Amino acid sequence: MSKLSLFLGCIVPNRYPGIEKATQLCLDKLDIDCSDLPGASCCPAPGVFRSFDKPTWLALAGRNIVLSEELGCDVLTICNGCYGSLTDANHELKENVALKKSTNVHLGKIGKKYEGTVDVRHIVEFLYDEFGPEKIKEMVVKPLDLKVALHYGCHLVKPSKERQLGSVEQPTFFDELIEATGAKSIDYPDKMACCGAGGGVRSALLERSLEMTKHKLSRIRDAGADCIVNACPFCHLQFDSGQAEIREKFALEYNIPVLHYSQLLGLALGFPPVELGIDLNIITNKEFFEKLRGRIE
Amino acid sequence: MSKSDVLNTLQNAGLDVLTCMQCGTCSSSCPSGRYTSLNTRRIVRGTCVGRDILHDEDLWMCTTCYTCQERCPREIKIADTILAIRTIAVHEGIMLPAHRKVSQLVLKYGHAVPINDDVKEKREKLKMDPIPGTVHKYPEALADVQTLLRSCEFDKLVA
Ligand code: SF4
Ligand code: SF4
């Protein structure tokens, strides 16, 4: 297992710091060697910047990867968007000599050079490959009695030609990691459907993007889930903040707590909810906290 | 840019849409199309026949979920094509105001979603440094990001 550096992106440190904290606590507990990545920027966001200008996308993503190369670390992402953006950019820069050359002209202006010596990982795929559900299960001290509606998020598994993580219609690896915590990953219709936030739709056409979120939330509520678990802070934001926006715009109340996998794992590893920032979400469902308290304390 | 140039640009990027058989698998799989005017099949068709696709506002309703691309029986890279058409549109000055705004945030802060006071407080509650160890904390790193963005002329593109 190579050494890692933790890439934070934008939404985790600047909107949901609990996910950053939970990730660090889990990495520590699992004894994973992971350093900070000082001075990293926006990945940059694939839905917008990548589709605006490819050289800009490659230059900014390239710089973030170079920061990790300088530390001799693989990049660990905790966001599907950062993962997609950085892993695709890394792939293009490694494979395409002309793109590497033109990107290095830009990077040369800040005294940096992309070499192509490291890989980009996503925490879910990393934990599955390097630890596996069995080993995680052994580390669990507080098995969780929760019904989880898992949301994979599109860019963890798609486009599949680039990701190569198996089935995109019915993947199971993330479910196995959920069940390793003792929780049950429940089935629900449209489980693999998009949250509605990506591609710049949330920022430009909020109401439209919330229609898609509302559809998923109804499915999740009908399936009787205790909470939603994701591994993408943008989906996390869309489900959490989105529930407040849906209340305001459509007068509908869901009140379903939203957790990043690091936070779910953190609970199972014995950390209290407040240390994992679960109470700092916009949706704070009292019954859910009581259920956790019953289990955890 | 003339209409046939759009097809040429796509083809040079390895994006061939001309094999589309208009089966509609893409549009019937599209989560956005349930709630917006986005009709993916129509976008592909329009691109094939040289309709003025750059001004089609449906371009911006795609969440890039890649479902259509995964399911297309002709293996057309539909989502990648939509993104590539967006690139051409942006370079022709066609861009939604909200996207211009997000771009300005990256130019200024190096983050598309910068920190605010409310989150600084949340970080302190979690016993974390209120300022994350990103470009927010290191002015010289932010200056590097800004140099790169200028070098790519991104500032002019989104001005
Ligand atoms: S799924 Fe593919 S072949 Fe069918 S209409 Fe869409 S682009 Fe054309
Ligand atoms: S990638 Fe875009 S066009 Fe294709 S199914 Fe998803 S939202 Fe629809």
Three-way shape label, chain B, alpha-carbon gyration tensor, a/c 1.5: prolate
Three-way shape label, the stretch A:1-123, alpha-carbon gyration tensor, a/c 1.5: prolate
Segment A:Glu115-A:Gln170, length gained on full extension (0.36 nm per residue, minus Cα span): 16.2 nm
Where A:Cys195, B:Cys48 fall by accessible area, highest first, once all protein chains stay in place (1.4 Å): B:Cys48, A:Cys195
Cβ-derived FRET efficiency at R0 45 Å, A:Glu248 paired with A:Lys135, nearest 0.05: 0.55
Average partner coverage of B:136-147, which counts Cβ from other chains inside 10 Å: 4
Distance between modelled label sites at B:Asn8 and A:Ser35, nm, 7 Å Cα→Cβ extension: 4.9 nm
Spacing of the two label points (7 Å from each Cα toward its C-beta) at A:Thr284 and B:Met21, in nm: 5.7 nm
Relative contact order, percent, chain A [alpha-carbon distance under 8 Å, six or more residues apart]: 21 percent
Most mobile of A:His91, A:His260, A:His151 in a GNM of chain A (Cα contacts under 10 Å): A:His91
A:Asp222-B:Cys48 pseudo-label distance in nm [points 7 Å out on the Cα-to-Cβ vector]: 3.5 nm
Most mobile listed residue (B:Glu124, B:Glu92, B:Glu70) in chain B, GNM with C-alpha springs under 10 Å: B:Glu124
Area of A:Phe289 that stays accessible when all protein chains are in place (1.4 Å probe, Å², to 10): 30 Å²
Extended-chain gain in nm, criterion 0.36 nm per residue less alpha-carbon gap, A:Ser160 and A:Glu70: 29.4 nm
Gyration tensor verdict on the stretch B:77-159 (Cα atoms; rounded if a/c is under 1.5, prolate if a/b is larger than b/c, oblate otherwise): prolate
Among the listed pairs B:Lys77/B:Lys101; A:Lys21/B:Lys122; A:Lys112/B:Lys108; A:Lys113/B:Lys108; A:Lys112/B:Lys101; A:Lys94/B:Lys77, those beyond 18 Å (Cα-Cα): B:Lys77/B:Lys101; A:Lys112/B:Lys108; A:Lys113/B:Lys108; A:Lys112/B:Lys101; A:Lys94/B:Lys77
Relative contact order (percent, whole number), the stretch A:168-297, Cα cutoff 8 Å, 6+ residue spacing: 21 percent
MRE, 222 nm, helices only [DSSP H, n ≥ 4, -39500 (n - 2.57), over chain A, to nearest 500]: -14500 deg cm²/dmol
Length added when fully stretched, B:Ser37-B:Glu140, from 0.36 nm per residue minus Cα-Cα: 32.6 nm
Cys with no candidate disulfide partner in chain A (beta-carbon separation under 4.7 Å rule): A:Cys10, A:Cys26, A:Cys34, A:Cys42, A:Cys73, A:Cys227
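The values are calculated or read from the model by the stated rules, or taken from the named source; none is laboratory data. Just so it is clear, the model here is predicted, and its values are computed rather than measured. Every residue, glycine among them, receives a Cβ derived from its backbone with ideal geometry; neighbour counts consider all protein chains shown. To get the accessible areas, we keep the full protein, side chains included, count just its heavy atoms, and leave off ligands, DNA and RNA. Shrake-Rupley method; radii C 1.70, N 1.55, O 1.52, S 1.80 Å.
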